[in-house]
Amino acid sequence: MKTAVFLSLAVSVAFAADKPNVVLLYADDLGYGDVSCYGSTTIATPHIDKLAAEGLRFTDGHCAAATCTPSRFAMLTGEYAFRQKGTGILPGDAKMIIPPDRTTLASVFKGAGYQTGVVGKWHLGLGDGDLDWNRAIQPGPLEIGFDHCFIMAATGDRVPCVFVENHQVARLDPADPIQVSYKQPFPGEPTGKATPELLKMHPSHGHDMALINGISRIGYMRGGKAAIWKDEEMADTFTDQAVKFIEASKSGPFFLYFAAHDPHVPRVPHARFVGKSGMGPRGDAILQFDDCVGTILAALDRLGLKESTLVLLSSDNGPVVDDGYQDEAVQKLGDHKPAGPLRGGKYSAFEGGTRVPFIVRWPAKVKPGVSSALVCQVDFPASFAALTGLPAPATAVDSHNILPAILGADATGRTELVEQGGPISLREGNWKFIPSSPGSARNKETNSETGNAPGPQLYDLSRDLGEQQNLAKTQPDQANRMAAALEKARLGGGK
């Protein structure tokens, strides 16, 4: 009997080493400097810090774009979003932008025998146009490789303000159907613009349409009252759903994509976090995300899955302070630097737009430490295909197998990376090139830098991480060579 138990345990350990469970913890608008293990002294994120201490913390980890929809598209498909039209920031009623026949990160895992689930923010469109929210909602996550989903269609500041579970709006009362419009308001429904006295949070720019839970949003909505989420409970709802998926899939292997909403606007954290950061709702929302991370990690511990689970934590793009609401984020920022030592943030071509927290923990394989390897989320489809013993998807034309870097066996990672911010830029080792680009140098609404400039920009990040000294004029050969390389990468694609 003891021999049988030993052999079973040995097989289980070997299986875990070959095909671990994978949990992707994905923040929304979390900056490089927003967590304490990346240098923040104003916000403490103990659960993320613990994950970093037990795993590998990357100092040059990137999302694929400086805004949410293109970043998520690239991560799931392995293709830079700028190659496909219609992959900009989507409205809440947009149709699905990933075709059902497209191989994705989720379908890679499913093809390897994994149970797959997505919980949280989606923002990649649903349906095939003119979606009726009161009927079956498809195509959606289930059509591109996920076995289960519990999502919001877009973002918290866009209607419809309801959750979608698999193919249905959760908790929808058929007697109170949902209507959504991004063109005109519904008669009799309050809006932030028409009835500002009803608001508990006022917009700073835009965000003055449908008024739901005392917050006005982008787009118009009526009906579906029983299905409308409570903003203060959103993080707990998503976390509870994530834990339920892990519990149901504990026999493994499983892949969970946990796409948190924090610290995206509107920032309405639960009462237990309000005022705890001293930085207003944005800081409190970061504490809330850290708590969600802690709850999910605790669930893995409780179920005995820590050793057999690869946990990866990152963000969809860099930080933004004022993104549409008067929530004191600017006034209470103090000495905090959301992008840390980096220049720019969300919407920007500078490093702060795409260089984000990037942490990997897998006790069975990954030695704790810090890595300066250049890694990117666009490489997830090819890298995790390699992890599960499958070939890289043919459609993942920009996805490289950087699994050795992710696991800490390679200190270099990528040799070049295209970054999609304002202008599309290029990294080659420590060199960063941003081509000349028309347009304002700052986003007038968010007051964030775009990276636009009348002439090319060239930075040596090994000496100038904050991208302050433009070397394009003093090193024209390097600038011209990288300009040609960027154009080739833009037009060509592929490995």
Filter the stretch 294-315 for residues that are in contact (Cβ under 8 Å) with a residue 24 or more places away in the chain, out of contact with any Leu (no Cβ under 6 Å at 6 or more places or on another chain) and within 22 Å of THR388 (Cβ to Cβ) and give the result.
ILE296, LEU300, LEU303, LEU305, GLU307, SER308, LEU310, VAL311, SER314
With criteria (1) assigned by TED's automatic domain parsing to the domain that holds ASP316; (2) on the phi < 0 side of the Ramachandran plot; (3) surrounded by fewer than 23 Cβ atoms within 10 Å (Cβ to Cβ), ASP262 comes up short on (3)
Taking ALA242, is it assigned to a helix (DSSP H, G or I) and in contact with a strand residue (DSSP E or B) (Cβ under 7 Å, 6 or more places away or on another chain)?
yes
Tally of residues being farther than 23 Å from HIS207 by Cα and within 19 Å of the chain's Cα centre (by Cα) across the stretch 267-287
1
Among the residues of the stretch 259-282, are any outside any loop (DSSP other than H, G, I, E, B), at pLDDT 95 or above and in contact with a strand residue (DSSP E or B) (Cβ under 7 Å, 6 or more places away or on another chain)?
yes
State which residue is surrounded by the fewest Cβ atoms within 10 Å (Cβ to Cβ) when the search covers only the stretch 446-482 and only residues that are under 30 Å from the mean Cα position of the chain (by Cα), farther than 16 Å from GLU419 by Cβ and among the hydroxyl-bearing types (Ser, Thr, Tyr).
SER462
Residue count for the stretch 188-214, restricted to those that are more than 19 Å from ASP93 (Cβ to Cβ) and not in a strand (DSSP E or B)
15
Residue list for the stretch 50-84, filter: part of a loop (DSSP other than H, G, I, E, B) and either modelled with pLDDT under 95 or polar (S, T, N, Q) (or both)
THR59, THR67, GLN84
Looking at the structure I just gave you, is LYS121 in contact (Cβ under 8 Å) with a residue 24 or more places away in the chain and buried (at least 24 other Cβ atoms within 10 Å of the Cβ)?
yes
At pLDDT 95 or above, aromatic (Phe, Trp, Tyr) and part of a strand (DSSP E or B): is that true of PHE146 in this structure?
no
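Let's see how each residue does on (1) among the hydrophobic types (A, V, I, L, M, F, W, C); (2) at pLDDT 95 or above; (3) more than 22 Å from LEU24 (Cβ to Cβ):
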residue: LYS306; (1), (2), (3): no, yes, no
residue: LEU312; (1), (2), (3): yes, yes, no
residue: ASP323; (1), (2), (3): no, yes, yes
residue: GLN326; (1), (2), (3): no, yes, yes
residue: ALA329; (1), (2), (3): yes, yes, yes
residue: ARG343; (1), (2), (3): no, yes, yes
residue: TYR347; (1), (2), (3): no, yes, yes
residue: PRO357; (1), (2), (3): no, yes, no
Selected residue (criterion: surrounded by the fewest Cβ atoms within 10 Å (Cβ to Cβ)) from residues of the stretch 483-495 that are of a type outside the set (Lys, Arg) and touching a strand residue (DSSP E or B) at 6+ places or on another chain (Cβ under 7 Å):
ALA485
Restricted to the stretch 265-288 and to residues being more than 17 Å from TYR325 (Cα to Cα) and free of Cβ contacts under 8 Å to residues at least 12 places away in the same chain, the residue surrounded by the most Cβ atoms within 10 Å (Cβ to Cβ) is LYS276
Is it fair to say ARG427 is of a type in the set (D, E, K, R), touching a strand residue (DSSP E or B) at 6+ places or on another chain (Cβ under 7 Å) and either at pLDDT below 95 or at positive phi (or both)?
no
Whether any residue in the stretch 321-342 is in a loop (DSSP other than H, G, I, E, B) and either outside the structural domain of ASP49 (by TED's automatic domain parsing) or touching a Cys at 6+ places or on another chain (Cβ under 7 Å) (or both) is what I want to check.
no
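The values are calculated or read from the model by the stated rules, or taken from the named source; none is laboratory data. The model shown is predicted, which means the values in this text are computed figures rather than measured ones. Glycine also receives a Cβ, built like all others from the backbone with ideal geometry; neighbour counts cover every protein chain displayed.
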